[in-house]
1. Give the residues of the stretch 53-112 that are among the polar types (S, T, N, Q) and open to solvent by less than 30 Å² (accessible area, probe 1.4 Å), sorted by residue number.
2. Might you check whether a residue that is farther than 29 Å from residue 108 by Cβ and within 15 Å of the ligand (Cβ to nearest atom) occurs anywhere in the stretch 17-39?
3. List, please: which pairs have Cβ atoms under 6 Å, are six or more places apart or on different chains, and start with a residue in the stretch 12-39 that is within 14 Å of residue 64 (Cα to Cα) and open to solvent by less than 40 Å² (accessible area, probe 1.4 Å) and end with one that is near the ligand (Cβ under 8 Å from one of its atoms) and acidic (Asp, Glu)?
4. Where residues in the stretch 57-112 are more than 17 Å from residue 30 (Cβ to Cβ) and touching a Lys or Arg at 6+ places or on another chain (Cβ under 7 Å), which of them is nearest to the ligand (Cβ to nearest atom)?
5. Name the residues in the stretch 68-90 that are within 14 Å of the chain's Cα centre (by Cα) and either under 22 Å from residue 6 (Cβ atoms) or free of Cβ contacts under 8 Å to residues at least 12 places away in the same chain (or both), would you?
Amino acid sequence: MSIFQKIIDGEIGADIVYEDGRVMAFRDINPVAPVHVLVIPKSAIVSVAAAVPEDELMLGHLMLVAAKVARDLGLEEQGYRIVTNVGALGGQSVPHLHLHILGGRAMSWPPG
Ligand code: AMP
């Protein structure tokens, strides 16, 4: 069971900034930007690579919630980044789909 599943199940705590029946958003425990929030589906899915057509609504909701959370946290005016890592070379360390919202500083491109 992944660490994020334990957060979903309430087994371990998190600094939750948004939650509804399908997704939750909480602050990253090791932030790499002044604002660093993770948005995850409550359904068990390893990454976007594992998504199937039935996940379409959930994926759309995940993106819309990420935009809402960014807006609510005051990131919209100056801009921010949403990123999802996939697999080892993508830099994924937790095998449960998550969007990173990064804001509050200038982002570089390309990522390292
Ligand atoms: P990734 O490397 O894309 O899989 O991102 C996983 C993220 O989860 C990392 O930025 C970690 O800092 C973060 N993380 C790991 N455990 C926790 C936790 N218990 N609460 C909040 N964030 C966590």
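The values are calculated or read from the model by the stated rules, or taken from the named source; none is laboratory data. Note that the structure is predicted; figures quoted are calculated from it, not measured. Glycine also receives a Cβ, built like all others from the backbone with ideal geometry; neighbour counts cover every protein chain displayed. Keep in mind that these areas ignore ligands, DNA and RNA; they rest on the heavy atoms of the full protein, side chains included. Shrake-Rupley method; radii C 1.70, N 1.55, O 1.52, S 1.80 Å.
1. Going residue by residue through the stretch 53-112, those that are among the polar types (S, T, N, Q) are 78, 84-85, 92-93, 108.
Within the stretch 53-112, no residue meets the criteria.
2. Our first condition is that a residue be farther than 29 Å from residue 108 by Cβ; within the stretch 17-39, this holds for 19-22.
Right, trim to within 15 Å of the ligand (Cβ to nearest atom) and you get 19.
Yes, there is a match, as at least one residue in the stretch 17-39 is farther than 29 Å from residue 108 by Cβ and within 15 Å of the ligand (Cβ to nearest atom).
3. Listed by first residue and then by second, the contacts come to 38/28.
4. 107
5. In the first step, residues of the stretch 68-90 are kept if they are within 14 Å of the chain's Cα centre (by Cα); the result is 68-70, 80-86.
69, 84, 85, 86, listed by residue number.
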